[in-house]
Every structure is written in structure tokens, then in C-alpha cells.
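See structure below.
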Amino acid sequence: MAVEVVQRTGRYAIRLRDPHAPARADFAGVPTFPFDPAWVLDGRVRQYAEPREIVVGAARPGLLHHVQVIGEVDLAHAGHAVTLLLTGTGDRASILFSDETPGVAPWRILAVDLPGTLAPGGSGTVRVDFNEARNLPFAFTEHGTCPAPAPGNHVPFAVPAGEKAPR
């Protein structure tokens with residue numbers, strides 16, 4: 001048994017890590033959608049001149065997270081268009097998003113590699129592969145403290161790509 005102390009927005013918590021817990025011992029992997037090249041999208045990215053801190057909710061009611069929004073990306077798929085906020089730092093960004101797909105976690109995360117030539121305040125093209133959408137820890141346990149997506153980071157159509165709900 002391992003004990004971990006974590007801090008979330010100024011509050012401390014203790015996590016117990018039991019390698020013999022049934023949920024870990026019986027874990028057979030995360031179900032995924034089959035790879036679909038139609039979900040590899042090129043979009044227009046705009047990096048902000050300065051990061052903007054916003055406050056978002058969390059998987060745990062009453063918990064808040066402060067995240068850095070570094071830009072936004074415009075994506076289109078099958079006649080639908082959406083603009084999503086990017087969080088992160090430097091040339092590595094993430095999109096926390098929700099969508100209309102049944103059988104997935106309430107929200108998932110997607111890593112996005114920003115072009116190395118993209119300067120603060122600049123724009124360019126970025127590839128977004130929804131086949132790489134991952135679950136956050138809260139999808140595996142009711143004790144997760146994961147941040148919620150930024151306001152407006154909802155894809156108003158189904159994205160049947162990436163990981164499905166693990167439980």
C-alpha cells in the first residue's frame with residue numbers, strides 16, 4: 001500500500017494506492033474506438049500573446065482548478081465547425097473537451113503538438129488526432145480530482161474516436 005499526498009487548488013488530500021485492489025488487479029485495459037482517419041483533422045490555431053488564467057470546475061463537486069489558456073483552434077468535421085480553447089505551456093498544448101458520443105467519459109483530453117514556428121500571438125495550422133483522445137483519471141474512479149473542460153469546449157456532435165469509458 002502506498003500513500004500519496006496531493007494538493008489541489010490550495011487544499012491537501014491523501015490518496016491510497018493499493019496495487020492489489022480489485023479494480024487494479026482485474027484491469028483488462030481501456031476500450032477504444034477503431035482508428036478512423038476521418039478523425040485526424042487539420043485546424044487553424046491561434047496562440048495568445050500571453051496565457052490567460054481561467055477557473056474551471058472539477059470531477060469532484062466544489063473543487064476548482066486554475067488553468068492557463070494559451071490559444072484556440074478552429075476545427076471542422078462533416079459540415080460542423082467548432083472552436084476549442086487550448087491549455088498548456090510552450091509547444092505542448094491540450095484540449096479538454098466534451099462531446100455527444102454515448103459510452104465515453106463526460107470529458108476527455110487530447111494532446112496537441114503546436115508548430116515549433118508558432119510565436120506567441122501567432123497563428124498557423126495544427127493537426128488534431130481525435131483517435132488519441134484519452135480518459136482522465138476521474139473516468140476510472142469516483143475519487144478523481146481532474147479539471148473540467150474550459151467553458152465552451154463542448155463539441156456539439158459525436159466524436160466516436162479515442163478511448164471509451166472504462167467502466
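Figures for the structure shown
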| quantity | calculated |
| --- | --- |
| Where Ile109 falls short, out of the listed (1) modelled with pLDDT of 95 or more; (2) open to solvent by 30 Å² or more (accessible area, probe 1.4 Å); (3) touching a Lys or Arg at 6+ places or on another chain (Cβ under 9 Å); (4) farther than 25 Å from Arg11 by Cβ | (4) |
| Single residue of Thr145, Thr101 found to be within 21 Å of Arg167 (Cβ to Cβ), of a type in the set (S, T, N, Q) and at pLDDT below 95 | Thr145 |
| Residue check for Val159: open to solvent by less than 20 Å² (accessible area, probe 1.4 Å) and either closer than 30 Å to Gly10 by Cβ or aromatic (Phe, Trp, Tyr) (or both) | no |
| Candidates Gln7, Gln47 - the one that is among the polar types (S, T, N, Q), in a strand (DSSP E or B), out of contact with any Lys or Arg (no Cβ under 8 Å at 6 or more places or on another chain) and open to solvent by 40 Å² or more (accessible area, probe 1.4 Å) | Gln7 |
| Matching option when the condition is part of a helix (DSSP H, G or I) and among the aromatic types (Phe, Trp, Tyr), among Phe97, Phe138 | Phe138 |
| Counted residues, region 1-53 - those being at pLDDT 85 or above, under 18 Å from Leu136 (Cα atoms) and in contact with a strand residue (DSSP E or B) (Cβ under 6 Å, 6 or more places away or on another chain) | 2 |
| Filter pass, Phe97 being touching a residue at least 12 places away in the same chain (Cβ under 8 Å) and under 22 Å from His66 (Cα atoms) | yes |
| Positions within region 50-80 being open to solvent by 70 Å² or more (accessible area, probe 1.4 Å), part of a strand (DSSP E or B) and in contact (Cβ under 8 Å) with a residue 60 or more places away in the chain, in sequence order | Glu50, His80 |
| Filtered residue count, region 115-135, keeping only those that are surrounded by 19 or more Cβ atoms within 10 Å (Cβ to Cβ) and either part of a loop (DSSP other than H, G, I, E, B) or of a type in the set (Lys, Arg) (or both) | 1 |
| Pro19 loosely packed, with under 15 Cβ neighbours inside 10 Å, closer than 23 Å to Gly103 by Cβ and touching a helix residue (DSSP H, G or I) at 6+ places or on another chain (Cβ under 9 Å) | no |
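The values are calculated or read from the model by the stated rules, or taken from the named source; none is laboratory data. These numbers were taken from a predicted model, which means no experiment stands behind them. Note that we place each Cβ from the backbone using ideal geometry, even for glycine, and neighbour counts take in every protein chain shown. Note: areas computed on protein heavy atoms with side chains; ligands, DNA, RNA excluded. Shrake-Rupley method; radii C 1.70, N 1.55, O 1.52, S 1.80 Å.
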